[in-house]
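A.B. asks: Pasting in a structure now, in C-alpha cells, and then I'll have a few things to ask.
Throughout, read-outs are computed from the coordinates displayed, never taken from laboratory work. On a predicted model such as this, the values are computed, not experimentally measured, just so you know. Cβ placement follows ideal geometry from the backbone for every residue including glycine, while neighbour counts extend to all protein chains displayed.
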Amino acid sequence: MKKKEVVQIGVNLGKFPPFVCRYSKFDNNLKSSLLDSYLWFSDPINFNDPFDCNIDIDASGSKEDFKKWMTESSLNDTSKIDKIDNLVEDKSLYRRINLETKRIVSEYGICCFSLLNDSIQMWSYYAGGHTGICLCYDLVQIMDERMTPFKVVYQNQYPKFNYVTKKGDNDLVITIMGVKGNDWKHEREIRIVSNYQGKNIVARSSLKSVIFGCKMKEKERIQILNILQEKYDLSTLTIAEAITSKRSFKLDINFYDYKSFLE
C-alpha cells in the first residue's frame, strides 16, 4: 500500500487532519517555495527549542541486553562484549549512545505544520509579526513514499525509550521528534518526517488556501497574488486574510477579494 493511501485511511479514521497549515514570513524563501512548489524539510538539530529533537535516551539494561546490543549495534565494540559487567558503569558508552541518536535524527528532515490558521501566537513569531502568510495544504496530496506524518504529543516528562533494549512508548525517531514540552501545546503541531532534507517538491494542487496576515503590506500581497495567478489555478484556491476581531482578542479569517488587484 502506498504512503498516500495509508495517510488517506488515517484521515478517514480521524487520526490525521485533512488539511495542515504552515506559517511563513514574507521573504524570498517564501516566494521561491511558491514559484517552484516545494516544502523545506529542516535538519531537526537546528530547531530553536533546546529540547526539540535533542533529549537524552536511556541506556540501561541487563548483561544479556548489553551483549545483544553490542553485537547488533553500529557502535559494536567486540573488545567489550566479554566485559559486560563494565558496560553499566561505562559513562563514555552512554555519551556515545546519545551522540549516535543525534546522528540518526540529523539524517532526517522535518517540515512543521499546525492544525490552526488563526493562532495569534504563531502569526506573531512564525509569520513575521502578522506581516506574513499562512499556507494550508491537503495532507494526503503532499505525501510521498519518503514521508511520515504524525501529531506532536505534549507532556512534561521526557518520553520513555531505551536505546539498548529498544523498548519504549514508540520507535526511536518518533520518540525524539514527536514529543515536546507542554509549553508548546498551543501550537497543535503536525510534523512530517522525511529521509531527505531541503526542498521536497509537492503537487501544486496540494495548496488549498492562502491567508494573508492582518499586517501584511498590500504590495507584498500583490506579489504573492501574481505568483499564484502565474503558477496555480486560482479557481481551486481559497484566498483569505486574517482580520482582528471587533469584539474579542482573536483573529477572524475572512474571504479576500483579490480580483481587482489582478486586473
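A.B. asks: Out of the stretch 146-230, which trypsin sites (Lys or Arg not before Pro) are coil in DSSP terms and have no more than 14 other C-beta atoms within 10 Å? Mind dumping the intermediate values first?
C.D. replies: Working: sites: ARG146, LYS151, LYS160, LYS166, LYS167, LYS180, LYS185, ARG188, ARG191, LYS199, ARG204, LYS208, LYS215, LYS217, LYS219, ARG221; in loops: ARG146, LYS160, LYS166, LYS167, ARG188, LYS215, LYS217.
When the trypsin sites (Lys or Arg not before Pro) of the stretch 146-230 are filtered for loop state and at most 14 Cβ neighbours within 10 Å, LYS160, LYS166, LYS167, LYS215, LYS217 remain.
A.B. asks: Let me ask something else about it. Could you run the Karplus curve 6.51 cos²θ - 1.76 cosθ + 1.60 with θ = phi - 60° over the stretch 6-15 and give me ³J(HN,Hα) per residue in whole Hz, x for Gly and Pro?
C.D. replies: In residue order, the calculated couplings are 4, 5, 4, 4, x, 5, 4, 8, x, 7 Hz.
A.B. asks: Give me the one-decimal nm value for the distance between modelled label points at VAL153 and LYS31, 7 Å along each residue's Cα-to-Cβ direction.
C.D. replies: 4.3 nm
A.B. asks: Across all directions of projection, what mean area in square nanometres is found for the Cα convex hull of the stretch 111-253?
C.D. replies: Numbers: hull surface 42.8 nm².
The orientation-averaged projected area of the Cα hull of the stretch 111-253 comes to 10.7 nm².
A.B. asks: Moving on. How high is the relative contact order of the chain, in percent, counting Cα pairs under 8 Å that sit 6 or more residues apart?
C.D. replies: Values: 450 pairs, mean separation 71.6, N = 263.
After rounding, I find 27 percent.
A.B. asks: Have a look at the DSSP beta bridges in the stretch 169-263 and tell me what percent are antiparallel, nearest 5. Mind dumping the intermediate values first?
C.D. replies: Details: 5 of 9 bridges.
Beta bridges within the stretch 169-263, antiparallel portion: roughly 55 percent.
A.B. asks: In percent, how large is the relative contact order of the stretch 138-263, given Cα pairs closer than 8 Å and 6 or more residues apart? Write down the numbers at each step before the final one.
C.D. replies: Values: 143 pairs, mean separation 28.2, N = 126.
Dividing the mean separation by the residue count of the stretch 138-263 yields 22 percent.
A.B. asks: Only one of the values (i) 56, 19, 18; (ii) 43, 19, 16; (iii) 35, 24, 16 was calculated from this structure for semi-axes √(5λ) of the Cα gyration tensor in Å; name its label.
C.D. replies: Given (i) 56, 19, 18; (ii) 43, 19, 16; (iii) 35, 24, 16, the calculated one carries the label (ii).
A.B. asks: Then there is this: How long is the gain from SER60 to ASP257 if the chain were fully straight, where each residue apart is worth 0.36 nm and the alpha carbon distance is subtracted? Intermediate values should be presented prior to the final figure.
C.D. replies: Numbers: separation 197, 0.36 × 197 = 70.92 nm, distance 6.06 nm.
Value of the extension gain: 64.9 nm.
A.B. asks: Also: Only loop residues by DSSP count here, and only those with at most 13 other Cβ atoms within 10 Å; note down the trypsin sites (Lys or Arg not before Pro) in the stretch 1-49 that meet that. Let's see the in-between values first.
C.D. replies: Numbers: sites: LYS2, LYS3, LYS4, LYS15, ARG22, LYS25, LYS31; in loops: LYS2, LYS15, LYS25.
The qualifying sites are LYS2, LYS15.
A.B. asks: Also, I was wondering about something else. At R0 = 35 Å, how high is the FRET efficiency between ILE104 and ILE222 if r is their beta carbon distance? Nearest 0.05 is fine. Mind dumping the intermediate values first?
C.D. replies: Numbers: r = 45 Å, r/R0 = 1.27.
FRET efficiency, ILE104 to ILE222: 0.20.
A.B. asks: With 10 angstrom as the radius, rank PHE51, PHE150, PHE255, PHE161 by how many other C-beta atoms surround their C-beta, starting from the fewest. If you can, show how the numbers build up before the last one.
C.D. replies: On the way: PHE51 13, PHE150 18, PHE255 9, PHE161 21.
Ascending number of Cβ neighbours within 10 Å: PHE255, PHE51, PHE150, PHE161.
A.B. asks: Rounded to whole Hz and in sequence order, give me ³J(HN,Hα) for the stretch 48-59 from the Karplus expression 6.51 cos²θ - 1.76 cosθ + 1.60, θ = phi - 60°, writing x for Gly and Pro.
C.D. replies: With the stated coefficients, the stretch 48-59 comes to 6, 6, x, 8, 5, 6, 9, 8, 7, 10, 4, 9 Hz.
A.B. asks: For a footprinting-style exposure proxy, rank ASP49, ASP252 by other Cβ within 10 Å, fewest first. All intermediate terms of the calculation are to be shown ahead of the outcome.
C.D. replies: On the way: ASP49 11, ASP252 15.
If I rank by nearby Cβ atoms, fewest first, I get ASP49, ASP252.
A.B. asks: Now for a different question. With label points built 7 Å along Cα→Cβ from the Cα atoms of ARG204 and LYS67, find their separation and express it in nm.
C.D. replies: Those two pseudo-labels are separated by 6.3 nm.
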